[in-house]
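Data first, discussion second: the structure below is written as structure tokens.
The values are calculated or read from the model by the stated rules, or taken from the named source; none is laboratory data. Please read these numbers as outputs of a predicted model, since none were measured by experiment. Cβ atoms come from the backbone with ideal geometry, glycine included; neighbour counts cover every protein chain shown. These accessible areas exclude ligands, DNA and RNA; they are computed on the full protein's heavy atoms, side chains included. Shrake-Rupley method; radii C 1.70, N 1.55, O 1.52, S 1.80 Å.
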Amino acid sequence: MILKSIVASASDLSVVSVAGNAPLEFKNRVFGGRVIRLGFRFNRGRWKGNERFDFKVRAAVEVGVGSSKSKALQGNSGLDVVSEGELTVKGFAGLRKTKLVCTIGPACSSLEELENLATGGMNVARLNMCHGTREWHRDVIRKIKKLNEEKGFCVSVMIDTEGSQIHVVDHGASSSVKVEEGSIWHFTAEHFEGSRPFTVQTNYTGFSEDIEVGDELVIDGGMACFEVVEKKGNDLHCKCIDAGLFLPGAKFSFWRDGKLVRRNYKLPTLSTKDWADIDLGIAEGVDFFALSFVNHADSVKDLKNYLSTKSTKSIKVLSKIESLESLHKLEEIVRASDGIMVARGDLGVEIPLEQIPTVQEDIIYVCRQLNKPVIVASQLLESMVEYPTPTRAEVADVSEAVRQYADALMLSGESAIGSYGRKALAVLDMTSSRMESWNREENKQNLLNHHQLGAELPECITEQICNCAVEMANNLGVDAIFVYTKHGHMASLLSRNRPNPPIFAFTDYESTRMALNLLWGVVPLLVDLSDDAESNISKSVQLMESKGLIRQGDVVLVVSDIAHTRSSPMAFQSIQVKTIA
């Protein structure tokens, strides 16, 4: 699916050897006092034209670096209290790298419960606009922001749009209804209050267009199955051919001869209600919008254009992959989006269940190739909506998503309406940490054969620097990676390679910090940065050391993008390895 790139590849970077420098042994942490410099030379023979790029690339290993006497970065550590506590107790290697998203609902919307989730490791709070009033959602957003400000958490907020709910039917009852084989049900677009026996309301008047007698109507990917026996106008009379349960607000699909009946409803991705919900999110300063039922890239671009004119902060747009059509246009949707959510529940309605595992892995692979964060969602710990412990199969499912290096895992009903939301979050935290540890022990984090992203030489240089930095970090066994970033691009390139050590991303943009919350292995810190990159490095080391977060003998690999100044008109990028003396 990913086309081969015509731009620079890894072979274009050649190491300039330095004579007389013996290999470094980091295992015993015994260092001399000299500085070893490695140059990287870019092969420009493959680049045509008269482009002029004022770039230098430098890598340096600085040994025996002690505390700087320079003034520390302004403010507090810039690190959220959960990461700081985890780092203090577990050290660098103990930090969980997979991010956790919790759906907020009636079961966890109080200030106390939100704080419990934040303390338990929630990185992103998701608000599902299919449920609740705008006043309720506004109240939740403000509670989360209050916790961030007063308690020192760093929880981002995501609004998940409802979308055009044309594939939803409801029997009107408050709980599930048992469907008996052979029973006849009436599916209608007529709207009425309450419930009627064997009658189901649909959300879209044209739901039965192009449907024929003999087609199968499948509820929630197989919870129950019907055969269309009669069609009267827009209404359908259907006979149950596979008994099961009918849940409130169930999703449905039509099948003919073993294949999904694909229809063009010609409805916009975003409804009038969605635009009003988006305006609410802009006004309240949310960090992400998750776009439902995305079938093409244009809807993503339209929302991004709207946000650029209406919002003063950078808000990221994620696309939910939940239909067969979105799979057919996966690459163009991923390219247009700032991230992807694998909505396995709705996706399972439109494709055979046995294809879900391989489709999930394919989506994660494409997202990593194109450097976009990906969330695996739906039914991860579904049994914990009612029970305090998960099934072993659910734990295996979570472990597989972590093994595939998804950026984030998401709880839906488990946290929104379940009685054991905190326990479900703890299961995700524990399982993710254990699987990440196993991946490191088994050396599973080999560098991906990445698709080249950059089209221009400066972009390719940045990309290659980050690839090389991760390879160095893994080979040298450093404790952490520090990166200094305005908009998060270099941090995302490092995360894409899934390094063994955690990535500490220092930024002075609040929106960048909150966006980085979704990236695998990235711990964002909000600090005041200066134009002097070397000064930022020494100050940040001193700051982390003063908090007891780094100690004598720790080794840190530092990646910085040093902008040109009057005194230094040549911009250059730097990789440095520092040990704390």
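What is the distance, in nm, between label points placed 7 Å from the Cα along the Cα-to-Cβ direction at Lys146 and at Glu510?
1.7
At 1.4 Å probe size, with no ligands or nucleic acids counted, give the accessible surface of Lys239 in Å², nearest ten.
90
Working with all protein chains in place, sort Tyr387, Tyr484, Tyr420 by solvent-accessible area computed with a 1.4 Å probe, largest first. Before the final figure, lay out the partial values.
Numbers: Tyr387 135, Tyr484 25, Tyr420 65 Å².
Final ranking, largest accessible area leading: Tyr387, Tyr420, Tyr484.
Just to confirm my numbers, what's the Cα centroid distance between the stretch 307-323 and the stretch 173-235 in Å?
35
So, by mean Cβ neighbours within 10 angstrom, what's the order for 323-330, 391-398, 188-195 with the highest one leading?
Numbers: 323-330: 17.9, 391-398: 15.5, 188-195: 11.9.
Most protected by this proxy first, the peptides run 323-330, 391-398, 188-195.
Please work out the average accessible area per residue across the stretch 184-308, using the 1.4 Å probe convention, and give it in Å². Mind dumping the intermediate values first?
Values: 5810 Å² over 125 residues.
Per residue, the stretch 184-308 has 46 Å² of solvent-accessible surface.
Can you bin the stretch 206-339 into rounded, prolate or oblate? Criterion: square roots of the alpha carbon gyration tensor eigenvalues sorted a ≥ b ≥ c, rounded for a/c under 1.5, prolate for a/b above b/c, oblate for the rest. Intermediate values should be presented prior to the final figure.
Numbers: a/c = 2.59, a/b = 2.30, b/c = 1.13.
Prolate, since a/c reaches 1.5 and a/b exceeds b/c.
So, with a 1.4 angstrom probe, what is the percent of accessible area on the stretch 169-221 that is carbon and sulfur?
Numbers: 1230 of 2740 Å².
Ligands and nucleic acids excluded, carbon and sulfur reach 45 percent.
With every protein chain present, what accessible area does Arg498 have (1.4 Å probe, heavy atoms only), rounded to the nearest 10 Å²?
10
Using a ≥ b ≥ c from the Cα gyration tensor of the stretch 100-186 (square roots of the eigenvalues), is it rounded, prolate or oblate, where a/c under 1.5 gives rounded and otherwise the larger of a/b and b/c decides, a/b for prolate? Before the final figure, lay out each step's value.
Values: a/c = 3.07, a/b = 2.49, b/c = 1.23.
Taking the square roots of the gyration eigenvalues as a ≥ b ≥ c, the stretch 100-186 is prolate.
Cα extents of the stretch 355-512 along the three principal axes, largest first, in whole Å?
54, 36, 32
Would you mind computing the Rg to Rh ratio of the stretch 228-285 from its alpha-carbon coordinates, Kirkwood style for Rh? Walk me through the intermediate numbers first.
Values: Rg = 17.7 Å, Rh = 15.6 Å.
Checking Rg against Rh, the ratio lands at 1.14.
Over the stretch 351-508, what relative contact order in percent results from Cα pairs under 8 Å that are six or more residues apart? Walk me through the numbers on the way to the answer.
Details: 190 pairs, mean separation 29.1, N = 158.
Normalised by residue count, the contact order of the stretch 351-508 is 18 percent.
What relative contact order, as a whole-number percentage, does the stretch 348-437 give when Cα pairs under 8 Å and 6 or more residues apart are counted?
Working: 105 pairs, mean separation 26.9, N = 90.
Rounded, it is 30 percent for the stretch 348-437.
Please give the residues of the stretch 206-221, grouped as numeric ranges, whose backbone N is less than 20 Å from a label point set 7 Å along the Cα-to-Cβ vector of His328.
Those under the cut-off are 207-212, 216, 218.
Let me check something: with ligands and nucleic acids excluded, how do Met122, Met223 order by accessible area (1.4 Å probe), largest to smallest?
Numbers: Met122 10, Met223 75 Å².
Of Met122, Met223, the descending order of accessible area is Met223, Met122.
Relative contact order (percent) for the stretch 170-307, with alpha-carbon contacts under 8 angstrom and 6 or more residues of separation?
Details: 218 pairs, mean separation 32.2, N = 138.
It rounds to 23 percent for the stretch 170-307.
To the nearest 10 square angstrom, how much accessible area does Asp257 have with a 1.4 angstrom probe?
150
Which order do Lys320, Lys232, Lys304 take when ranked by solvent-accessible area (1.4 Å probe, heavy atoms of all protein chains), largest first? Provide the component values of the computation, followed by the final result.
Working: Lys320 20, Lys232 115, Lys304 65 Å².
Greatest to least solvent exposure: Lys232, Lys304, Lys320.
For the pairs Lys316/Lys486; Lys97/Lys372; Lys329/Lys372; Lys329/Lys486, flag any whose C-alpha to C-alpha distance is greater than 20 Å. Walk me through the numbers before you get to the answer.
Working: Lys316/Lys486 15 Å; Lys97/Lys372 16 Å; Lys329/Lys372 16 Å; Lys329/Lys486 31 Å.
Long pairs (Cα-Cα over 20 Å): Lys329/Lys486.
Taking 0.36 nm per residue of sequence separation and subtracting the Cα-Cα distance, how much length would be gained by fully extending the chain between His191 and Leu245, in nm to one decimal?
Stretched fully, the His191-Leu245 segment lengthens by 17.2 nm.
Once neighbouring chains are kept in place and the probe is 1.4 Å, which whole percent of the accessible area of the stretch 348-469 is contributed by carbon and sulfur? Before the final figure, lay out the partial values.
Working: 2610 of 5050 Å².
Accessible surface attributable to carbon and sulfur in the stretch 348-469 totals 52 percent.
Using only the Cα atoms of the stretch 187-233, build the gyration tensor, take square roots of its eigenvalues as a ≥ b ≥ c, and label the shape rounded, prolate or oblate: rounded if a/c is under 1.5, else prolate if a/b is larger than b/c, else oblate. Before the final figure, lay out the partial values.
Values: a/c = 1.75, a/b = 1.23, b/c = 1.42.
Note, shape of the stretch 187-233 comes out oblate.
Pulled fully out, how much extra length does the chain show between Val89 and Val177, if you take 0.36 nm times their separation in residues and subtract their Cα-Cα distance? Present the calculation step by step, with values, prior to reporting the outcome.
Values: separation 88, 0.36 × 88 = 31.68 nm, distance 4.86 nm.
Full extension from Val89 to Val177 adds 26.8 nm.
What whole-number value in Å² describes the accessible area per residue of the stretch 478-518 for a 1.4 Å probe? Write out the running numbers ahead of the final one.
Numbers: 870 Å² over 41 residues.
Averaged over the residues of the stretch 478-518, the accessible area is 21 Å².
So what's the convex hull volume per residue for the Cα atoms of the stretch 257-330, in Å³? Mind dumping the intermediate values first?
On the way: hull volume 7.0 nm³, N = 74.
Hull volume normalised by residue count: 94 Å³.
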